[in-house]
Amino acid sequence: MDAPRRVKVRCCIAGGGPAGMMLGLLLARGGVDVVVLEKHADFLRDFRGDTVHPSTLDILRQIGLLDAFLRIPHRREQTIAGRFAEGTLALGDFRGLQPFDYMALAPQWDFLDLLADAARAYPNFSLRMRCEATGLIRDDDGRVSGVRARNPDGELEIAADLVIACDGRGSTLRDAAGLAVETFGSPMDVLWFRLPREASDPDQTQGVPARGRLLVMLDRNDYWQCAYVIGKGSDAALRARPLQTFRDLVAPLLPFEPARMEALHDWNDVKTLEVRIDRLQRWNIPGLLFIGDAAHAMSPIGGVGINLAIQDAVATANLLGPMLAGADAIDDVRLARVQQRRLWPTRVIQAIQRIVQARVIASLLDATPGGLLPTPGVLRLASRFLAFRHIPARLFGYGIRRERVQFGPRA
Ligand SMILES: Cc1cc2nc3c(=O)[nH]c(=O)nc-3n(C[C@H](O)[C@H](O)[C@H](O)COP(=O)(O)OP(=O)(O)OC[C@H]3O[C@@H](n4cnc5c(N)ncnc54)[C@H](O)[C@@H]3O)c2cc1C
């Protein structure tokens, strides 16, 4: 067998999702010699989460990419509604918030392509597609000193002063490092599918809570991106039944004719997201740091996964960029600062997600399937006040402990 080819870089990022691509771009802008490894051939994966919250829009503005992002076909959503038995109620409201009074819904692959194109402008950046990190290289004293990888040409060894794992919730490097993970249960999984949208449909992203069921419909202008919440682990049993069973479960929750469910031809049109909330107890060991989903998998509640990953990337570039841009040996003690900064927002959002899962979703799913829920009195009253409707928009949309880009040139 051929010996693996060897490459040497200052920083190797494993995983080209939102965390890895944003971090790669930020480090490249600041002059760091950086390579991003992405195991897929492109970014074209459906249902990866397309919610780009104001916190991320603001980062794009700070690095001069906002106009280019807004040229991607997208939808701007100013309010998020709940549809109850008596009608629709605005529950989240971005109107009046600054600097962005909306959340954008844009295909994640376009967003990642934008970051990749911007990063490629820097000669010190390289993106290796179809290159999968398979393990860690350690030096004699156990410090991580690189990544083993595989691409269509064979095995590769990438020696790096620092490895940053951004390889998502199924992280290979997390397993390779053998770090302890705290897992918090979830009562639900989610089935994603698309339905065609017609001009006469309501013009609104909405959650539809019903007895025993919950549907979320994201308005994507020319189609509906739908998330149907099911009990944890019940996917296989449901899929063993004819697709018509699923169509019949969802149809009563739609704000239009049930026949639209015929757009689903077979179970391949329905994708499962196994919901998980977990967190590494320690995000770093000498030579290696984890951020994004690889450090903390998020529940889809609030659609915050992408935005938290981006905030982690900005904090990492701010805290470690200056050290990486120099030539000195990496000070491994500094790696812990990323976790110190980002643990609190992660904890708070995960705690809220766990409360919503336990108090709202679990009790919904426990009930025998029935009609739409009546509007809870407290929500009917509270939703009259913009300040109340701003709470979820601020919490999930703007996030906690918002990062500002401090490393690299000003846009
Ligand atoms: C079905 C679904 C729907 C979602 N909906 C939303 C939503 O609406 N809003 C939201 O904010 N979040 C959503 N999320 C979560 C969101 O996608 C993640 O939280 C976010 O993408 C995390 O970014 P990341 O860069 O940390 O990880 P990821 O996006 O998972 O990126 C990891 C990248 O690493 C690559 N990779 C993995 N292993 C390796 C390896 N060994 N070597 C090289 N490359 C590797 C992967 O191909 C991937 O490109 C959803 C997730 C799923 C699965």
Q | Calculated [θ] (222 nm, deg cm²/dmol) that DSSP helices of n ≥ 4 give over the chain, each run adding -39,500 (n - 2.57) | A | -8500 deg cm²/dmol
Q | Nearest-ten-degree value, helix 108-120 long axis tilted from longest Cα axis of the chain | A | 20
Q. With the contact rule set at Cα under 8 Å and sequence spacing of 6 or more, what percent relative contact order holds for the stretch 208-285?
A. 20
Q.
On a full-extension model of 0.36 nm per residue, what is the gain between residue 129 and residue 85, subtracting their alpha-carbon distance, rounded to one decimal in nm?
A. 11.0 nm
Q) What share of the DSSP beta bridges in the chain is antiparallel, in percent to the nearest 5? A) 70
Q) Helix 305-325 versus the longest principal axis of the chain: what angle, 0 to 90°, nearest 10, using Cα atoms? A) 20
Q: Compute the signed sum of charges (Lys and Arg +1, Asp and Glu -1) over the other residues within less than 13 Å, Cβ to Cβ, of residue 174.
A: -1
Q. With each label point set 7 Å from Cα along the Cα-Cβ vector, what nm distance links residue 121 and residue 95?
A. 3.6
(Q) If a paramagnetic tag sat 7 Å from the Cα of residue 356 along the Cα-Cβ line, which residues of the stretch 67-87 would have the backbone N under 18 Å from that point? (A) 77-84
Q.
On a full-extension model of 0.36 nm per residue, what is the gain between residue 387 and residue 222, subtracting their alpha-carbon distance, rounded to one decimal in nm?
A. 56.3 nm
Q: Give the cross-link partners of residue 271 among the lysines, using a straight C-alpha distance below 27 Å as the criterion and excluding same-chain residues fewer than 8 apart.
A: 39, 232
Q.
Is there a quick way to get the dipole size of the chain? I mean about its Cα centre, with the Cβ of Lys and Arg at +1 and of Asp and Glu at -1; what is the value in debye to the nearest 20?
A. 1000
Q. In what order, largest first, do 53, 40 sit by accessible area if the probe radius is 1.4 Å?
A. 40, 53
(Q) For a quick check of understanding: with a 1.4 angstrom probe and all protein chains in place, what accessible area in square angstrom does residue 334 have, to the nearest ten? (A) 70
**Q.** Where labels lie 7 Å past Cα in the beta-carbon direction, separation of residue 380 and residue 143 in nm
**A.** 6.5
(Q) Just to verify a number: FRET efficiency for residue 5 and residue 68, C-beta to C-beta distance, R0 = 45 Å, to 0.05? (A) 0.85
Q. Using r as the Cβ-Cβ distance of residue 181 and residue 241, and R0 as 25 Å, what FRET efficiency do you calculate, to the nearest 0.05?
A. 0.15
Q: Could you calculate the contour length gain from residue 200 to residue 368, that is, 0.36 nm times the residue separation minus the distance between their Cα atoms, to one decimal place in nm?
A: 57.3 nm
**Q.** Distribution of pairwise C-alpha distances over the stretch 325-411, 5 Å bins, in %
**A.** 3, 9, 11, 15, 16, 13, 9, 7, 6, 5, 4, 2, 1
Q | Cα convex hull volume per residue for the stretch 188-273 (Å³) | A | 88
Q. When the accessible area of the chain is split by element with a 1.4 Å probe, what percent falls to carbon and sulfur?
A. 53
Q: Return one whole number: the accessible area per residue of the stretch 188-273 in Å², for a 1.4 Å probe.
A: 42
Q. So for the chain, taking the charge dipole from beta-carbon charges (+1 Lys/Arg, -1 Asp/Glu), which of 294, 129, 9 sits furthest toward the positive end?
A. 294
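The values are calculated or read from the model by the stated rules, or taken from the named source; none is laboratory data. Just so we're clear, the structure is a prediction, and the values are computed from it rather than from any experiment. Positions of Cβ are generated from backbone atoms using ideal geometry, with glycine treated the same way; all protein chains shown enter the neighbour counts. Calculation scope for accessible area: heavy atoms of the full protein, side chains included, ligands and nucleic acids excluded. Shrake-Rupley method; radii C 1.70, N 1.55, O 1.52, S 1.80 Å.
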